[in-house]
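The values are calculated or read from the model by the stated rules, or taken from the named source; none is laboratory data. Values in this document were obtained by computation on a predicted structure and should not be read as measured data. All Cβ positions, even for glycine, are placed from backbone atoms using ideal geometry, and neighbour counts span all protein chains on display.
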Amino acid sequence: MVGFTVALLSGCDGMWSDRASDCKLTLMCEEYRGSWDHDASVAGCVPSEEANAVEDRCGVFVAASGDDRRFGTKAEPVKTLRKAIARAAERGTAVYACAEEFAEAVEVPAGVTLFGGLDCANGWRWIGEEKKTTVAPGADAIPLKLMRGEGAVRIDDVSARAADAQVAGGSSIAVLVDGATAELVRCELVAGNGADGADGEDAPSEAAMQGPEGRPGTDACSDLDMSGAPDEALPGGALVENACRGDALSIGGKGGDGNANTGGDGATSQGTAETARGGLGEPVTGVWDCAGNEPNGGGDDGVSGVAGGAGVGATGVGTLSASGYAGVSGGAGSAGKPGQGGGGGGGAKGGAICAGGVIGAGASGGSGGAGGCGGLPGQGGGAGGASIALVSVEGQVTLTDCSLTAGSGGKGGAGGDLQPGGAGGVGGLGGMGVGGSNPACDGGRGGKGGNGGPGGGGLGGPSLAIAFRGEPVKQEGKTTLTPGAPGAGGPGGSNDVASNAGAGGVAAAEQELP
């Protein structure tokens, strides 16, 4: 048999020119290129069917102790599966791998065959029933992706082992078939645990902005005109407003004016769909006070704002794509509405004996306090990651004497906590009476802002031996499917106060997903 060397003359192949040697020793010349077997399923090139090791003509050989600068013979194997597969795809031959561990994620193009389970320390004989070739990249990588295209992919005696996912919501998938026609024989597919989903972002823990307090009314006889005589009218406390988000306003009503003959009515609140009534001013005759039976002169308190809606807890099973598995996140809550402003207090009539013995205007009412701002919502929790031994997306896959084992699905993330609504501002005090006149009335208190809605919990991750979209996976021989435990759904925000937790994941030997 012709021997092999590491280096090739540039006249035979431009990639190899380190060492002077006869081109024929490398099988790189045209007269040798045709000697490769382009159908590894025949002519003594299937290791499990041969008593002795297959010959160099069958394809590209790879060992962890190899060198990617080599040609890929048994005597001079390449080091990585990626290089071996690239060479084999160019030549139309198979890949033959030692029963060792390769710490790399590998994409296998259509038409490529990978035979594992070879004892490269003892003549490259097949030992696939006792020991497999292991493909085990680091976390958050898929060991084997079988790609769509012309020609079938065949994998024999390989153990694909996915590590536990580390990125929040990440999945652990051992093999992903992207539209390929593929046959796996005596393979072990082992998925690690999916990662827990990310918790939804919390709204600020401190309450939203408090409404400002109402403005006080004016005491009777407190304003004099330029001649020293008391005014015949005293303005009520000015309205106050609380600007929350965008055009969301809460406005306390203006206090009623104090007049010489009768008190002015307090104004209703503004800025919300409903209004708080302003208090009645003191009439010319009759009983009047700031509380008690209607009519009265006190401004009504504003009602609390409507709380924001809770985010929807995640449901469903997730989806598959060429990128893998995607779960369902919980929904975000909605913001609370501002509290209603308080109504203005009623003003008093005159009758006070002011300076100089002149009767002046009565005291004016205080304005209502503005309502507090509504709280911000919590965001939805992220989906837990999946643990899936085999994902097939529009593939045609046959498993023969394979074992598939999934780990645990990740827990769904918790929904984000809500922000409490802001407190309403107190009403402004009514002005004081003088010389026997009545005091004016206080404005109403502003309503509390509505709490924001808590975020919904994320979907728990599934644990599936096989997940497929499209054609079901065929199983032959003694193929076994072992799912693990599904991930729990994430709780809703603020200790699941709205009972909006996400649904738990599913566990199944086989599951069709959209």
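Hey, any hits in region 340-361 for a residue that's without any contact (Cβ under 8 Å) to a residue 60 or more places away in the chain, surrounded by fewer than 24 Cβ atoms within 10 Å (Cβ to Cβ) and not acidic (Asp, Glu)?
Yes - at least one qualifying residue is present in region 340-361.
Test each condition in (1) touching an Asp or Glu at 6+ places or on another chain (Cβ under 9 Å); (2) at pLDDT below 85; (3) of a type outside the set (A, V, I, L, M) for ASP247 and report the one that comes out false.
(1)
Can you go through ALA162, ALA195, ALA203 and tell me which one is touching an Asp or Glu at 6+ places or on another chain (Cβ under 7 Å), surrounded by 24 or more Cβ atoms within 10 Å (Cβ to Cβ) and hydrophobic (A, V, I, L, M, F, W, C)?
After applying the criteria, what remains is ALA203.
Which condition number does GLY255 fail, the rest of (1) over 12 Å from GLY214 (Cβ atoms); (2) modelled with pLDDT of 90 or more being met?
Every listed condition holds for GLY255 apart from (1).
Go through region 275-306 and count every residue that is surrounded by fewer than 24 Cβ atoms within 10 Å (Cβ to Cβ), among the small types (Gly, Ala, Ser) and modelled with pLDDT under 90.
3
Restricting attention to region 283-296, does a residue exist that is out of contact with any strand residue (DSSP E or B) (no Cβ under 9 Å at 6 or more places or on another chain), closer than 19 Å to GLY339 by Cα and among the hydrophobic types (A, V, I, L, M, F, W, C)?
no
Output the residues belonging to region 154-174 that are out of contact with any Gly (no Cβ under 7 Å at 6 or more places or on another chain) and of a type outside the set (S, T, N, Q).
ARG154, ILE155, ALA160, ARG161, VAL167, ALA174
Given the condition among the small types (Gly, Ala, Ser), within 30 Å of ALA307 (Cα to Cα) and either free of Cβ contacts under 8 Å to residues at least 24 places away in the same chain or part of a strand (DSSP E or B) (or both), answer yes or no: does some residue in region 191-200 qualify? Steps first, answer last, please.
Initial filter on region 191-200 (among the small types (Gly, Ala, Ser)): 191-192, 194-195, 197-198, 200.
Right, trim to within 30 Å of ALA307 (Cα to Cα) and you get 197-198, 200.
Those still in the list that are either free of Cβ contacts under 8 Å to residues at least 24 places away in the same chain or part of a strand (DSSP E or B) (or both) too: none.
No; the residues of region 191-200 include none that is among the small types (Gly, Ala, Ser), within 30 Å of ALA307 (Cα to Cα) and either free of Cβ contacts under 8 Å to residues at least 24 places away in the same chain or part of a strand (DSSP E or B) (or both).
Restricting to region 92-120, name every residue that is modelled with pLDDT under 95 and within 12 Å of ALA53 (Cα to Cα).
Matches in region 92-120: CYS120 only.
Take LEU404 and decide whether it is in contact with a strand residue (DSSP E or B) (Cβ under 9 Å, 6 or more places away or on another chain) and among the aliphatic types (A, V, I, L, M).
yes
Going by the conditions given, is ALA174 out of contact with any Cys (no Cβ under 7 Å at 6 or more places or on another chain), within 28 Å of GLY490 (Cβ to Cβ) and part of a strand (DSSP E or B)?
Numbers: out of contact with any Cys (no Cβ under 7 Å at 6 or more places or on another chain): yes; within 28 Å of GLY490 (Cβ to Cβ): yes; part of a strand (DSSP E or B): yes.
Yes; evaluated as a whole, the condition is true for this residue.
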